[in-house]
Each structure stands twice: as C-alpha cells, then as structure tokens.
Amino acid sequence: MSDDCLFCKIIAGEIPATEVYRDEDVFAFEDISPAAPTHTLVIPVKHLKDVTEAQEEDDALLGKLMLVANKIATEKGLIEDGFRYVINTGSHGGQTVYHLHLHVIGGRAMSWPPG
Ligand code: AMP
Ligand code: ZN
C-alpha cells in the first residue's frame with residue numbers, strides 16, 4: 001500500500017466506494033464520475049503506479065485484471081453489444097490517479113479515436 005494513494009485508501013476502506021469485486025489480488029469498484037452507463041475500475045491490490053511499472057513477476061496479476069474485467073463485462077451485460085477497456089498511462093495518456101486501473105466502459109456506442 002502507498003500511503004498517499006487514493007485507490008490504496010479505497011481498497012483499505014478508508015475512502016468509500018461502491019465495491020463490485022474483491023479477492024486477494026484484484027479489487028473493482030464503480031467510477032465516481034461515470035463516462036457511460038457502465039464504468040467500473042479494476043485495479044490490482046498491489047500498488048503499481050501505472051502499467052509500465054509491472055514486471056515479469058506481475059504477469060499473472062495483469063492477466064487476472066483482464067479476466068476480472070471480463071467477468072464484470074459479462075455480469076453487466078456488455079458482451080453482446082461490446083464495450084471498451086482503457087488503461088490511461090501517464091500525462092499524455094490522460095492518467096489522473098497513479099495506481100494502475102483498467103476502465104471497463106460500456107452501455108453506449110463509443111467513437112474512435114479518443115480525444
Ligand atoms: P484516469 O484518468 O485513467 O487516471 O482515471 C481515474 C478515474 O478515477 C476517473 O475516471 C475518476 O472519475 C475516477 N475516480 C477518481 N476518484 C474516485 C473515487 N474516489 N472513487 C471512484 N472513482 C474515482
Ligand atoms: Zn495505490
């Protein structure tokens with residue numbers, strides 16, 4: 001846990017959030033400012049500031065993030081119409097919270113390219 005990290009505090013229950021999934025490795029919760037009807041964040045319990053900080057030892061953890069995201073996409077009924085996974089990284093990537101998170105966004109049609 002990183003002491004000054006918002007998402008570590010959410011995992012620890014120090015800041016409230018709407019929990020969607022939890023196990024020993026992965027936590028998921030609803031985005032506070034949803035960009036679509038479904039907008040859930042899937043994060044590793046281990047504090048990694050972004051995806052580039054992941055190392056070989058984190059390969060299973062990265063895979064698990066995707067599998068939990070798939071489970072959420074299924075539970076939210078997103079599979080048939082499609083959805084989007086997003087990992088914003090660094091300032092040009094639009095990252096605002098420096099604890100790795102996978103956005104699961106769906107429930108409406110989306111455009112490309114991103115702004
Ligand atoms: P990013 O811009 O990729 O770093 O995404 C950070 C996301 O965290 C944004 O979509 C925010 O709306 C979301 N967020 C920020 N604070 C909270 C919070 N307290 N609870 C839930 N989601 C949050
Ligand atoms: Zn953190």
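The values are calculated or read from the model by the stated rules, or taken from the named source; none is laboratory data. Here the structure is a predicted model, which is why all the values come from computation and not from measurement. Ideal geometry is used to build each Cβ from the backbone, glycine not excepted, and the neighbour counts take in all protein chains shown. For accessibility, only protein heavy atoms count, side chains too; no ligands or nucleic acids. Shrake-Rupley method; radii C 1.70, N 1.55, O 1.52, S 1.80 Å.
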(request) Write out, first by first residue and then by second, each pair whose Cβ atoms fall under 7 Å of each other, whose residues are 6+ apart or on separate chains, and whose first residue, in the stretch 86-115, is on the phi > 0 side of the Ramachandran plot and part of a loop (DSSP other than H, G, I, E, B) while the second is open to solvent by 40 Å² or more (accessible area, probe 1.4 Å) and within 12 Å of ligand 1 (Cβ to nearest atom). (result) G94/N88
(request) Among the residues of the stretch 40-77, count how many are in a helix (DSSP H, G or I) and open to solvent by 80 Å² or more (accessible area, probe 1.4 Å). (result) 9
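Residues are listed down the side, and each one gets a yes or a no for (1) away from ligand 2 (no atom under 13 Å from the Cβ); (2) small (G, A, S); (3) modelled with pLDDT of 95 or more:
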site: I10; (1), (2), (3): no, no, yes
site: E14; (1), (2), (3): no, no, yes
site: E30; (1), (2), (3): yes, no, yes
site: A36; (1), (2), (3): yes, yes, yes
site: V42; (1), (2), (3): yes, no, yes
site: D50; (1), (2), (3): no, no, yes
site: Q55; (1), (2), (3): yes, no, yes
site: A60; (1), (2), (3): yes, yes, yes
site: K64; (1), (2), (3): yes, no, yes
(request) Would you tally the residues in the stretch 63-85 being under 30 Å from S2 (Cα atoms) and without any contact (Cβ under 8 Å) to a residue 12 or more places away in the chain? (result) 3
(message) Anything in the stretch 8-38 that is open to solvent by 80 Å² or more (accessible area, probe 1.4 Å) and in a strand (DSSP E or B)? List them, or say none.
(response) E19, R22
(message) If the requirement is being farther than 20 Å from T96 by Cα and touching an Asp or Glu at 6+ places or on another chain (Cβ under 9 Å), which of these qualifies: K64, K76, K71?
(response) K64
